[in-house]
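The values are calculated or read from the model by the stated rules, or taken from the named source; none is laboratory data. Just so it is clear, the model here is predicted, and its values are computed rather than measured. Methodologically, a virtual Cβ is constructed for each residue, glycine included, from the backbone with ideal geometry; neighbour enumeration extends over all protein chains shown. All accessible areas refer to the heavy atoms of the entire protein, side chains included, with ligands and DNA or RNA removed. Shrake-Rupley method; radii C 1.70, N 1.55, O 1.52, S 1.80 Å.
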Amino acid sequence: MADASARSDALGRGHRRFTKWRRDGTWDRVHDELRRRVRIRAGRDPEPSAAVIDAQSIKTSEGGEARAFDAGKRTTGRKRHVIVGTTGLLLVVAVTSASVQDRAGGRAVLARLAVGFRTISLVWADGGYANSVDSKLLSWARDALDIVVEIAKGADDVKGFKVLPRRWVVERSFGRLVRNRRPARDYERLSATSEAMIKVAVIRLMLVRLAGQPSRWSHESHRKTARVKTVEDLIAA
């Protein structure tokens, strides 16, 4: 009982510190400073001049705010609207209910981008952000934010799946994100906590890069092997 109580107290202290840092902007400052250092290490300017925007629907646990059904992806949960630099590092993120359309979520993250990154004048996006029926986001970004949103398109004569120019950068970022245990699914009750958890996952990735260490992920095959070994040990005992 004493050990369980000690673990509970430690978890409580950790959660309080995490929440404090979320509210006072500590996670944001750490994330932004590490991104600058990673860019400098890679021989790039500290601040980016172009970016890529996209959204990802993710399942949530039961309950919590901003939780709804994405009819397109047939997913109940939340949607992560992100903008990354051309190196794939996170610039801004906004978490909404999954029912929010990409264009509406795009306005939110583009507005945050304009405030935090005055060096960016070009953002690539996919066709979900503008089409022949509705291209208001493009004109709004140009007139209100002085940012050109360019739709990345594939060749018309190519059938089936094709990696689009520039778009693969943000898709790779999503892939790296969900390989972390906590962001693999949205477990948070608050969307602000979800945003902070995403930044913590990216902080981990950047620290690994700066330390010159390879990224190690807990793959399902490794987890399955560990579970089988544990069962065998219990049987043997």
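Between A68 and R182, what's the calculated FRET efficiency when r is the beta-carbon distance and R0 is 22 Å? Round to 0.05.
E between A68 and R182, to the nearest 0.05, is 0.55.
Solvent-accessible area of T96, all protein chains in place: 30 Å² (probe radius 1.4 Å, heavy atoms, ligands and nucleic acids excluded). For segment 43-161, the share of DSSP beta bridges that are antiparallel, to the nearest 5, is 75%. In this simple spin-label model, placing a label point 7 Å from the Cα along the Cα-to-Cβ direction at both R118 and W168 gives a separation of 3.6 nm. Share of carbon and sulfur in the accessible area of segment 27-92 stands at 47%, probe radius 1.4 Å. Rolled with a 1.4 Å probe across the full set of protein chains, the surface gives R182 an accessible area near 100 Å².
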